[in-house]
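Please read the structure below before turning to the comments.
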Amino acid sequence: MGPFRLKDDVVIASVKTALELGYRTIDTAQIYDNEAAGGSGYCLESGVARDELFITTKIWIENLSKDKLIASLKESLLKLRTDYVDLTLIHWPSPNDAVAVEEFMAALLEAKKQGVDPSDWYF
């Protein structure tokens, strides 16, 4: 279930309906600006246990720098109302390499060391 461009009550209802129909994958992103509503959809409305879900989120380009990445992941977890996501992706490369790949990969490794988003990390 990918809630791209859906907002507020529409996201909640869509996620709830998808889960009722048997979907167990939620694909969201910071840039979609609906992680909180999506979190409400599965946490408050569906009744599906968290361990039955596979949740993906994506880090947006404005959060790739080492001083923003970990905080943005923590914020995503709060919005999604979960202690972890199953997959974290870099949504899009940094425009004009403003943030070097080495910088955001180092920040992802630091997040892992800190226990932020502690599920399936592959490097």
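Read-outs throughout are calculated quantities, based only on the coordinates presented, and are distinct from any laboratory measurement. Note that the coordinates shown come from a computational prediction; the quantities given were computed from them, not determined experimentally. Because the Cβ atoms are built from the backbone with ideal geometry, glycine has one as well, and the counts that use them run over all protein chains shown.
Residue by residue, the range 106-115 carries 3J(HN,Hα) couplings of 5, 5, 5, 4, 5, 4, 4, 4, 7, x Hz when phi is fed to the Karplus relation 6.51 cos²θ - 1.76 cosθ + 1.60 (θ = phi - 60°); x denotes Gly or Pro. Here the sum of -39500 (n - 2.57) over DSSP H runs of 4 or more residues, divided by the residues of the chain, equals -11000 deg cm²/dmol at 222 nm, to the nearest 500. Under the simplified labelling scheme, the His91-Asp51 pair shows an inter-label distance of 3.1 nm, with each label point 7 Å from Cα along Cα→Cβ. Among residues other than Ala107 with Cβ under 9 Å from its Cβ, the summed charge is -1 (Lys and Arg +1, Asp and Glu -1). Near Ile26, the amide H atoms lying under 5 Å from its own belong to Phe54, Ile55, Thr56; only residues 5 or more places off or on other chains count, and H is placed 1.01 Å from N. All alpha carbon pair distances within the chain were sorted into 5 Å bins beginning at 0; the resulting P(r) in whole percents reads 2, 12, 23, 23, 17, 12, 7, 3, 1.
Label-to-label distance, Lys112 versus Ala98, with points set 7 angstrom from Cα along the beta-carbon direction: 2.7 nm.
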